[in-house]
Amino acid sequence: MMLHGFRPVMVALVLFTSLLSANAVAQSGPLFEQPTQVQATLRELVAGCLRGDVRDLAAIEKNCADAVTTIQQFEEFAALSDRAIDTQSRVRRLQLQRASVLLEMGVYKTAFKELLRADNPSDKDDDDVLNFMKGVAVAGSGLSGRFDPSFGYLDKAVGSNSADIRFYALLVRADALTLLGGYDAASRDMESARRLLVEEDMADIARKRAELSLYRGYLLLDTGKTGEAVAQFERAAALLPDEASVLAGRGLGYLRMGKREKAVADYRKAIAAGHSFDATAQHRLAWLLASDPKTLSDGAEAVALAAEAVVIRQKTDEPRARLAQDHYVLGRAQAAAGDPAKALQAFADAMDLDPRLARQFGASLKGAGLLPAGGV
């Protein structure tokens, strides 16, 4: 399964990679002052690769690949000077940038391969960043038996000299522990992260406090302390009122409390504020609109949202069970919209992806009147 707070931790990746990018530009010196067309092309390609409003994975991959190729072409020029090592460093930093984009889009396996390519045993400067990103890539995949290596990477990142890296590594490790039922260990990691905020001089302290509250909220939800969880989500929302991940977290808290209208409002805000490659809010809102027996029910909107969630999830390499749940919600939405044939197909697709859920889906089919009460 996907980490509870995987999306908010992308802030960490943006932070690290933006620092790397700024450092690379600062080091570029006269090499980028040469008035050549290839340099202008490189600037354009790098901008296209790193531009925050790019949402198409294929375009990002092409821009990044072209930029890497162009930088590699620069090596011939750089070899004539004493800047060859600096040029190679730019290639590596661009690979880290590309990996961070892939992680944010949920393409974890490809991101991990990119990180392996960026790994340079002779260059220890970015080991902590690499370990953190590798840990996120492995834990984010959520595949059975893969948490041990993710903890190995995250354990190394927790020992970093950088307070920022330690803080985010503690949060990710705590979230993975929460999913595995290691609530005491998760609480200890979050307390360590809280102490870092008090003891270390770190940038963007308000955002970090909000992210810590968000992770605490998910831990409290998983341990049945719904009221305390919502209080943490509301604290996070007070600091980051327009953050999609915070709104989606608070929406889940409201849903667990039975405050469906508030949950719907938060999910709508999260979708408006969020990225086109995160299906969490669409999935949950579609389920709400498809399953609510009273005023919130809207089969047509639920179908549109669930279909969007399926399309988004298909572009990632998240576990098949996540996509199965999206198809399941699509089936619920189709049933609510009065289209039993499409509902049955969506349920069948879900069971093909995750046969373990067949019993749950069968019960839903009966509840929706799509199967006789006697059996599947």
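The values are calculated or read from the model by the stated rules, or taken from the named source; none is laboratory data. Keep in mind that this is a model prediction, so the values were computed, not measured. Because the Cβ atoms are built from the backbone with ideal geometry, glycine has one as well, and the counts that use them run over all protein chains shown. When the accessible area is computed, the model is the full protein with side chains, heavy atoms only, and any ligands, DNA or RNA have been set aside. Shrake-Rupley method; radii C 1.70, N 1.55, O 1.52, S 1.80 Å.
Key figures
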{"read-out": "Enumeration of residues in region 223-260 that are acidic (Asp, Glu) and either without any contact (Cβ under 8 Å) to a residue 60 or more places away in the chain or on the phi > 0 side of the Ramachandran plot (or both)", "value": "Glu228, Glu234, Asp242"}
{"read-out": "Tally, over region 248-286, of residues that are assigned to a loop (DSSP other than H, G, I, E, B) and either closer than 23 Å to Gln314 by Cα or touching a Leu at 6+ places or on another chain (Cβ under 6 Å) (or both)", "value": "6"}
{"read-out": "Region 285-304 residues that are under 18 Å from Lys342 (Cα atoms) and open to solvent by 50 Å² or more (accessible area, probe 1.4 Å), paired with ones that are at pLDDT 75 or above and part of a loop (DSSP other than H, G, I, E, B) (beta carbon under 8 Å, 6 or more apart)", "value": "Ala300/Ala337"}
{"read-out": "Qualifying residue in region 182-192 (condition: part of a helix (DSSP H, G or I), out of contact with any His (no Cβ under 7 Å at 6 or more places or on another chain), in contact (Cβ under 8 Å) with a residue 40 or more places away in the chain and open to solvent by less than 20 Å² (accessible area, probe 1.4 Å))", "value": "no"}
{"read-out": "Number of the exception - Thr178 against (1) without any contact (Cβ under 8 Å) to a residue 24 or more places away in the chain; (2) open to solvent by less than 10 Å² (accessible area, probe 1.4 Å)", "value": "(1)"}
{"read-out": "Filter pass, Leu305 being in a loop (DSSP other than H, G, I, E, B) and among the hydrophobic types (A, V, I, L, M, F, W, C)", "value": "no"}
{"read-out": "Some residue of region 272-284 being small (Gly, Ala, Ser), surrounded by 18 or more Cβ atoms within 10 Å (Cβ to Cβ) and modelled with pLDDT of 90 or more", "value": "no"}
{"read-out": "Single match in Val129, Val101 (criterion: at pLDDT below 80, farther than 19 Å from Leu177 by Cα and either touching a Gly at 6+ places or on another chain (Cβ under 7 Å) or open to solvent by 10 Å² or more (accessible area, probe 1.4 Å) (or both))", "value": "Val101"}
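Matching residues to (1) at pLDDT 80 or above; (2) open to solvent by 60 Å² or more (accessible area, probe 1.4 Å); (3) in a helix (DSSP H, G or I):
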{"site": "Ala324", "(1), (2), (3)": "yes, no, yes"}
{"site": "Leu330", "(1), (2), (3)": "yes, no, yes"}
{"site": "Ala341", "(1), (2), (3)": "yes, yes, yes"}
{"site": "Arg356", "(1), (2), (3)": "no, yes, yes"}
{"site": "Gln360", "(1), (2), (3)": "no, yes, yes"}
